[in-house]
Amino acid sequence: MHNRVNDLESPVWDGSGNRNGNGDDKGDNCFPPADISRGGATTPAERRLSRPFNALMVPHKTIKKICCIGAGYVGGPTCAVIAEKNPDIIVTIVDINPTRIAAWNSDTLPIYEPGLDKIVKGCRGRNLFFSTDVDKGIIEADLIFVSVNTPTKKKGVGAGYAADLGYVESATRHIARVAQSDKIVVEKSTVPCRTAHSMRYILEANARPGIHFDILSNPEFLAEGTAVPDLMRPDRVLIGSLDTLAGRAAAASLADIYASWVPRGQIIAMNLWSSELSKLAANALLAQRISSINALSAICEATGADVDEVSYACGLDTRIGSKFLKASVGFGGSCFQKDILNLVYLSESLHLPEVAAYWRQVVEMNEYQKRRFTDRVISSLFNTLTGKKIAILGFAFKKDTGDTRESPAITLVNYFRAERANISIYDPKVEDSQIWMDLTEPGVVDDLAELQKQVSIATNAYSACDDADAVVICTEWDEFRDTYLDYGRIYENMKKPAFVFDGRLILDRNRLEGMGFRVETIGRAASSFKTPRDWE
């Protein structure tokens, strides 16, 4: 399939700030100025994109009903916000998991995101619905988001690197089998480049006579914990389509949905493959920044430099910026590692071994950071953890979410278990059942009873720290800061010497050392550190 099936000629946007040059569109919905300068790039935007800004100015269908296949971390929040901002559109989120759908219809949503609860409950039953009736959702919809899981393959070709597209293919085949009218199918899951080609082939090969499908790529750029503000005020909305009249018309229909709250200038049209790759590239670049600052944190600990000061100084450079330069015990989440490994596999498949090795190092540095932090805990505790109690504060991969996928805490707990430590875990949002599942291998080895001999789950931070030899901060929850927790109380109830290992740079080290703690902080030398000349 070629990305330019029909080479349309469109008048280039005239730079006036108007959609059609006649002054009809004003204010927030105007297209951006010709020169978009972001991150040091000064090439005019219309010359950097394969589609001019007015590429979506074609006759197109108005969407009345939306179906989202997949009620997870992406589909749920995205479609809830779409429903709130488009009260005239009926939005139905479908999933084959009845427990998950029941949770979306209950008072306790299946995922925690600040602000999401209010949006869902405000729209639910009005124009937002959650259902297990997948067929009905597909039949009635004008536009279908495919927002299913794309985990890393565990077996077969590409195991450990490639994305498993089984759920995407299954959803696509289901759409083709059930659909009774033309549909716009939108790739919302994070997928490898050119997945849309496979989806289009499946749809066309299995469609009923006379049924037409248009494929779009609309990657999500949500950060867990800030998903709602990310959706409300996105940096950009990418819509990839074929460069045909039908492709542009489908993209224009989707653009209208977002334009109800997103300025038109931030809705960017591009080809399908660029849109797909942009998601992987964005996550890879963000993870690369974290691994880079974590690599520097090791140098800081060895030299006496302070990684917070280094990152602050670098972040003041407008070419670099300050975001994602916070040293930590390591990155986690559902996307970073998975997407980088996907990029590694893609590079190897394209016979680009040097490119693959480059991106693989980002993941390897992340794993090294976790091992290095664990080694620091062990060496500080006199080279043995046997029988010692370690309090783990935080199990989610980041604050303001209950998601534990690829959480550094999982790796640390497993390392500590191997050292025969006793571990007490507390997290304000992660369910006990999720912690047990993350630390065991359901369906492989039933070792829960053995696990519970070493690991316990506390109901609050104080009980987790009682009689502990060390406290390890794994998640940057605000309630773990020394301005919230009474660390004086914690110190009194710990074994002495009392150690705190700050893996998230959230504690005032001087304040805690004044209480009597021995504080070890990521990216900073040990408190007894001396330079070779014993400089103070």
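Quick notes
- For the pair ASP508 and ALA449, a Förster radius of 41 Å applied to the C-beta separation gives a FRET efficiency near 0.50, rounded to the nearest 0.05.
- Solvent-accessible area per residue in segment 180-288 equals 32 Å², computed with a 1.4 angstrom probe and all protein chains kept.
- Helical segments meeting 24 Å axial Cα length and Kyte-Doolittle -0.5 threshold in the chain (DSSP H): 272-303
- Length-normalised contact order for segment 305-444 - Cα pairs under 8 Å, 6+ apart - percent: 22 percent
- Relative contact order [Cα under 8 Å, 6+ residues apart], segment 169-306, whole percent: 24 percent
- FRET E, pair MET57, ALA526, Förster distance 60 Å, beta-carbon r, rounded to 0.05: 0.45
- The gain in end-to-end length when the TRP261 to PHE324 segment is fully stretched comes to 20.0 nm, 0.36 nm per residue minus the alpha carbon separation.
- Whether segment 46-180 is rounded, prolate or oblate, judged on the alpha carbon gyration tensor where a/c under 1.5 counts as rounded: rounded
- With 24 Å as the limit, the listed pairs LYS154/LYS323; LYS118/LYS398; LYS118/LYS279; LYS370/LYS398; LYS153/LYS183; LYS118/LYS326 have LYS154/LYS323; LYS118/LYS279; LYS153/LYS183; LYS118/LYS326 beyond it between alpha carbons.
- Proximity of backbone amide H atoms, modeled 1.01 Å from N, is registered between THR152 and ASP164 at under 5 Å, excluding neighbours fewer than 5 places apart on the same chain.
- Rounded Å value of the spacing that divides the Cα centres of segment 487-527 and segment 185-255: 48 Å
- In this view, the solvent-accessible surface of ILE290, computed with a 1.4 Å probe and all protein chains in place, comes to about 20 Å².
- A 1.4 Å probe over all protein chains sorts HIS351, HIS212, HIS174 by accessible area into HIS351, HIS212, HIS174, starting with the largest.
- Burial ranking of peptide ranges 150-159, 278-287 (average Cβ count within 10 Å, highest at the top): 278-287, 150-159
- What the phi angles of segment 466-478 give under the Karplus curve with 6.51, -1.76 and 1.60, with θ = phi - 60°, is a coupling list of 4, 6, 7, 7, 8, 10, 10, 8, 9, 10, 7, 4, 4 Hz, glycine and proline written as x.
- In this structure the amide hydrogen of LEU238, modeled in the peptide plane, comes within under 5 Å of the amide hydrogens of ILE268, none closer than 5 places in sequence on its chain.
- Derived scalar couplings ³J(HN,Hα) [segment 180-192; Karplus, 6.51 cos²θ - 1.76 cosθ + 1.60; whole Hz; x for Gly, Pro]: 10, 8, 4, 9, 9, 10, 10, 6, 10, 5, 6, 9, x
- Each Cα pair under 8 Å and six or more residues apart adds its sequence gap; the mean of these over the residue count of the chain is a relative contact order of 12 percent.
- Near CYS68, the amide H atoms lying under 5 Å from its own belong to THR92, ILE93, VAL94, PHE145; only residues 5 or more places off or on other chains count, and H is placed 1.01 Å from N.
- The length gained on full extension between LYS64 and SER456, counted as 0.36 nm times the residue separation minus their Cα-Cα distance, comes to 136.1 nm.
- Rounded to 5, the percent of DSSP beta bridges in segment 140-233 classed as antiparallel: 10 percent
- Between GLU441 and ALA223, the simple spin-label model (points 7 angstrom out along Cα→Cβ) gives 3.5 nm.
- Spatial separation of Cα centroids for segment 266-304 and segment 134-163, in angstrom: 24 Å
- Of the residues LYS496, LYS65, ranked by 1.4 Å probe accessible area with the largest first, the sequence reads LYS496, LYS65.
- FRET efficiency estimate (nearest 0.05) - Cβ-Cβ, ILE378 to LEU245, R0 51 angstrom: 0.20
- With the simple spin-label model, which puts each label point 7 Å out from Cα in the Cβ direction, the GLU169 to LYS118 separation comes to 4.4 nm.
- 3J(HN,Hα) along segment 384-394, derived from phi through the Karplus expression 6.51 cos²θ - 1.76 cosθ + 1.60 where θ = phi - 60°, amounts to 8, 10, 4, x, 8, 8, 10, 8, 9, 9, x Hz, with x in place of Gly and Pro.
- Separation in nanometres of the label points that stand 7 Å from Cα toward Cβ, at GLU364 and ASN206: 4.0 nm
- Antiparallel content of DSSP bridges confined to the chain, in %, to 5: 10 percent
- Note on the chain: helix-only mean residue ellipticity at 222 nm, from DSSP H runs of 4+ residues weighted -39500 (n - 2.57) and normalised by residue number, equals -12000 deg cm²/dmol.
- Stretchable slack from ARG420 to ARG177, in nm (0.36 nm times residue separation minus alpha-carbon distance): 82.1 nm
- Prolate/oblate/rounded label for segment 150-230 (Cα gyration tensor, a/c 1.5): oblate
- Element breakdown for segment 235-350 at a 1.4 angstrom probe: carbon and sulfur atoms account for 62% of the accessible area.
- Taken about its Cα centre, segment 358-425 carries a charge dipole of roughly 180 debye when the Cβ of each Lys and Arg holds +1 and the Cβ of each Asp and Glu holds -1.
The values are calculated or read from the model by the stated rules, or taken from the named source; none is laboratory data. All of these numbers come straight from a predicted model, not from anything done at the bench. Because the Cβ atoms are built from the backbone with ideal geometry, glycine has one as well, and the counts that use them run over all protein chains shown. These accessible areas exclude ligands, DNA and RNA; they are computed on the full protein's heavy atoms, side chains included. Shrake-Rupley method; radii C 1.70, N 1.55, O 1.52, S 1.80 Å.
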